[in-house]
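Scroll down for the structure; my scribbles are underneath it.
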Amino acid sequence: MNAIAVNPGRKEVGVVSHPTPELTRDIEVKFRMLEVGICGTDREICRFDYGSPPSGFEHLVLGHEGLGEVTEVGSDVSTLKKGDLIVPMVRRPCTSEDCTPCRAGRSDFCTTGNFTERGIKEQHGFMTETIVDEEPFLCKVPESLRDVAVLMEPLSVAEKGLEQIWKVQNRLPWGLESNGGLPSGKGKTAVILGAGPIGILGAMAFKVAGFKTYVYSRSLKPNPKAEIVESFGVPYISALETNPEQLAEQVGNIDVVYEAIGTAVNSFDVLKVMGLNGVCVFTGIPGYPKPHLTFDAELIMRNMVLKNQVAIGTVNASRQAFDWAIRDLEQFMKLWPDAVRAIITDRHPLKDARNLLLGKATGIKSVLEIG
Ligand code: BGC
Ligand code: ZN
């Protein structure tokens, strides 16, 4: 079957012929890929900055944001059947007995660094026709989410980010838990940096979680991303028009900064104006270090101390975060179906993947339509 792969040794990106997998173990599930989203990580892998093929292969099949339909299940599979829609998780655990997180199903906190990631690190990804994977890594998706479920993986990143915020803010005498014991952002303000897919989905998740939510992003209004964001009631503020100090003046105490831009200076410039007891969550992965970056480190450190602030990074997502993503995506579709659909700006056949991966990113979320 055809697959889209990178060959880092030969510096090649394109279609390869890849063996069609078969079920070999009873807990395995075979599925045909329906859609795969393209993200910044894929583009970075295509620049050969990141990503590594599985052992024994020169190429790595790309793609980690998948949606598939089950075609066959092994005899020990109990939660999935033929015809079910599934979204596969990305990370697979390391094999060390000493890695408590991996042994407990939390490979997103792997302590050895020997985890693998489908389509990214030492495991083939989803930009192909047929996949075999193990039941525990496949999340069943309701049929009603068929046309937007490819957004689940990027949403799972925001869900893990929120989980981390609840945990971190439990350090405060009153936490953030004010909604009958359930974590809630009620009465708190969140600023989302960036209006890409992770930013927009993050804005939806924070709004649903009760935060007064703002998106702070570069481009001036009007622009399509701002339109989507404002269509679900989140004000969009352009960084070209409003500097971080003015932002803080406008929105009041910033309790949470959720970073989804992947560039350091812009992020630290906002960290500088974060409020009392605030928490900043980084999700973006900057490229290689650029020389001569300057930001106000002294002020940030002073604030972190005088304002009890925390900055944390978050990567990947747990099984539970995927389940929260399903729950939230259903909720978003009830509240703002047009906005959710508008995040997927363009769909293309698999054969166009190379141009999409190597060309300039247009649109918001580009998706490959496979099956
Ligand atoms: C993926 C994560 C992955 C991370 C680092 C992101 O694009 O969404 O699942 O852990 O890249 O490889
Ligand atoms: Zn991604």
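The figures follow:
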quantity: Choice from Gly105, Gly359, Gly161 with maximal GNM fluctuation in the chain (Cα, 10 Å cutoff); calculated: Gly359
quantity: Linear extension gain, Thr24 paired with Asn308, 0.36 nm per residue minus alpha-carbon span; calculated: 97.0 nm
quantity: Cα centroid separation - region 239-300 against region 61-101, whole Å; calculated: 36 Å
quantity: Accessible carbon and sulfur surface of region 154-313 relative to its total accessible area, %, 1.4 Å; calculated: 56 percent
quantity: ³J(HN,Hα), Karplus 6.51/-1.76/1.60, whole Hz, each residue of region 104-113, x for Gly, Pro; calculated: 9, x, 10, 4, 5, 10, 2, 9, 9, x
quantity: Protection proxy ranking, peptides 334-343, 25-34, average beta carbon neighbours within 10 Å, highest first; calculated: 25-34, 334-343
quantity: Carbon + sulfur, % of accessible area of region 1-124 - ligands and nucleic acids excluded, 1.4 Å; calculated: 47 percent
quantity: GNM flexibility winner over the chain from Ala239, Ala260, Ala149 (Cα, springs under 10 Å); calculated: Ala239
quantity: Accessible area in the full protein assembly, largest first, 1.4 Å probe, for Lys140, Lys167; calculated: Lys167, Lys140
quantity: Prolate/oblate/rounded call for region 45-164, Cα gyration tensor, a/c under 1.5 rounded; calculated: rounded
quantity: Thr100-Thr263 pseudo-label distance in nm [points 7 Å out on the Cα-to-Cβ vector]; calculated: 4.0 nm
quantity: Hz values of 3J(HN,Hα) by residue in region 185-202 - Karplus curve (6.51, -1.76, 1.60), Gly and Pro given as x; calculated: x, 3, x, 10, 10, 10, 10, 9, 8, x, 10, x, x, 5, x, 5, 5, x
quantity: Reference-scaled alpha-carbon Rg (2.2 N^0.38 Å with N residues) for the chain; calculated: 0.99
quantity: Per residue accessible area of the chain, 1.4 Å probe, in Å²; calculated: 45 Å²
quantity: Per-peptide average of other Cβ atoms within 10 Å, ordering 91-98, 168-175 highest first; calculated: 91-98, 168-175
quantity: Estimated [θ] at 222 nm from DSSP helical runs (n ≥ 4, -39500 (n - 2.57)) normalised by residues in the chain, nearest 500; calculated: -8000 deg cm²/dmol
quantity: Leu293-Ala361 FRET efficiency (beta carbon distance; Förster radius 30 Å; 0.05 resolution); calculated: 0.85
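The values are calculated or read from the model by the stated rules, or taken from the named source; none is laboratory data. Worth saying up front: this structure is predicted, and the values here are computed from it rather than measured. Methodologically, a virtual Cβ is constructed for each residue, glycine included, from the backbone with ideal geometry; neighbour enumeration extends over all protein chains shown. The protein model used for the area step is the full one, side chains on, heavy atoms only, and it has no ligands, DNA or RNA in it. Shrake-Rupley method; radii C 1.70, N 1.55, O 1.52, S 1.80 Å.
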